[in-house]
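These notes are about the structure you will find just below.
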């Protein structure tokens, strides 16, 4: 049986994660729309308490590999199952 684990954010960034802004999608950017067509998409944001890029981050969660934003936390847990990449195996005892 396969199981997943948290992937550190720096490693996740090396795995070819593509991030598009809400503006790209709203404007119908051709590159963004072509890349996302028919794909599973995780929608998230990096919210700050005061304004965009100002103040403390709000959507941060503690994980075994440190704090990360909610969308990346969701992504790191779903990735092994979505691409059928087992990170390890589990035995019944």
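A few remarks follow.
- Stretchable slack from residue 33 to residue 65, in nm (0.36 nm times residue separation minus alpha-carbon distance): 8.3 nm
- Region 24-77: C-alpha gyration tensor shape, a/c 1.5 cut-off, then a/b vs b/c: oblate
- Efficiency of FRET from Cβ geometry, residue 25 and residue 50, R₀ 30 Å, rounded to 0.05: 0.75
FYI, it's all coordinate maths here, none of it is from the lab. Since this is a predicted model, take the numbers as computed values, not measurements. Note: ideal-geometry Cβ built from the backbone for every residue, glycine included; neighbour counts use all protein chains shown.
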